[in-house]
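*Asks:* Structure incoming, see below.
Taken together, the values in this text are just the output of simple stated rules run on the coordinates, not laboratory data. Note that the structure is predicted; figures quoted are calculated from it, not measured. Quick reminder, even Gly has a Cβ in these numbers, built from the backbone with ideal geometry, and neighbours come from all protein chains shown.
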Amino acid sequence: MAGSAVEGQEAEAVLRASGLRVTRPREAAYRAVRAMPHASADDVLQAVRAELPNASAQSVYNALHDFADAHLVRRIVPAGHPGRYELRIGDNHHHLVCRACGLVTDVDCVADDAPCLHPDDDHGFRVDAAEITFWGLCADCSAPAGGQGPAAPGRSGAGR
Ligand SMILES: [Zn+2]
Ligand SMILES: [Zn+2]
Ligand SMILES: [Zn+2]
């Protein structure tokens with residue numbers, strides 16, 4: 001059984017199949033990325049520590065680095081934001097990133113093959129990927145007067 005069934009496999013089996021030494025911080029880190037697509041390293045650290053209070057930050061950061069090297073996870077780095085990790089690798093999907101809260105959402109690519117965009121002039125490069133990030137405000141952040149705004153009627157305010 002190769003690759004395709006990774007979703008349902010135990011973290012331990014996935015790590016072992018990738019030739020990584022199985023440790024409890026690594027298992028916990030892998031499960032955290034599976035549970036939280038686009039988690040930052042700090043998100044993962046928090047999740048690991050909920051399980052293993054003594055896990056060192058370095059062990060978790062190293063684990064993520066090793067996962068990326070082993071192509072178990074994909075690391076994306078939206079400009080100005082910490083890197084995010086996800087298990088959805090091997091397809092050519094893109095990301096929507098909220099400028100305000102940093103929410104990252106997957107969007108499918110309309111093309112089957114990478115790269116889905118080609119430069120007018122490739123300057124002799126053999127282009128194999130186009131990394132596309134759509135920037136904007138997520139639904140929550142662009143909603144008029146969301147949760148924290150003074151939108152409640154009867155609270156006087158700017159009534160004109
Ligand atoms: Zn947002
Ligand atoms: Zn993604
Ligand atoms: Zn695309």
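*Asks:* Starting from the Cα of ASP121, step 7 Å along the direction of its Cβ; do the same at THR105; then give the gap between the two resulting points in nm.
*Replies:* Placing both labels 7 Å along Cα→Cβ, they lie 3.8 nm apart.
*Asks:* I need the phi-derived Karplus couplings for segment 74-85: 6.51 cos²θ - 1.76 cosθ + 1.60, θ = phi - 60°, integer Hz, Gly and Pro marked x.
*Replies:* In residue order, the calculated couplings are 10, 10, 10, 10, x, 3, x, 10, x, x, 10, 10 Hz.
*Asks:* Can you work out ³J(HN,Hα) from phi for every residue in segment 97-114, in order, using Karplus 6.51 cos²θ - 1.76 cosθ + 1.60 and θ = phi - 60°, giving whole Hz and x for Gly and Pro?
*Replies:* Each residue of segment 97-114 in turn: 10, 7, 5, 7, 10, x, 4, 10, 10, 6, 10, 5, 7, 7, 9, 7, 10, 7 Hz.
*Asks:* Compute the Cα gyration tensor for the chain, then decide on rounded, prolate or oblate, letting a ≥ b ≥ c be the square roots of its eigenvalues: rounded whenever a/c is under 1.5, prolate when a/b is larger than b/c in the other cases, and oblate in all that remain.
*Replies:* oblate
*Asks:* Computed over the Cα atoms of segment 91-141, what is the ratio Rg over Rh, Rh following Kirkwood?
*Replies:* The Rg/Rh ratio comes out at 1.09.
*Asks:* Counting GluC sites (Glu not before Pro) as exposed when in a DSSP loop with at most 13 other beta carbons within 10 Å, what is the longest stretch of the chain free of them?
*Replies:* Value returned for the longest uninterrupted segment is 11-130.
*Asks:* Suppose R0 equals 22 Å; then what is the FRET efficiency for CYS141 and ALA68 from their Cβ-Cβ distance, rounded to the nearest 0.05?
*Replies:* Efficiency at R0 = 22 Å is approximately 0.15.
*Asks:* Using the Cα centre as the reference, give the magnitude of the dipole from point charges on the C-beta atoms of the chain (Lys, Arg: +1; Asp, Glu: -1; all else neutral), rounded to the nearest 20 debye.
*Replies:* Roughly 880 debye for the chain.
*Asks:* Shifting gears a bit: In debye, nearest 20, what is the charge dipole magnitude of segment 91-141 about its Cα centre with +1 on Lys and Arg Cβ and -1 on Asp and Glu Cβ, if you could check?
*Replies:* Using only the charged Cβ atoms, the result is roughly 300 debye.
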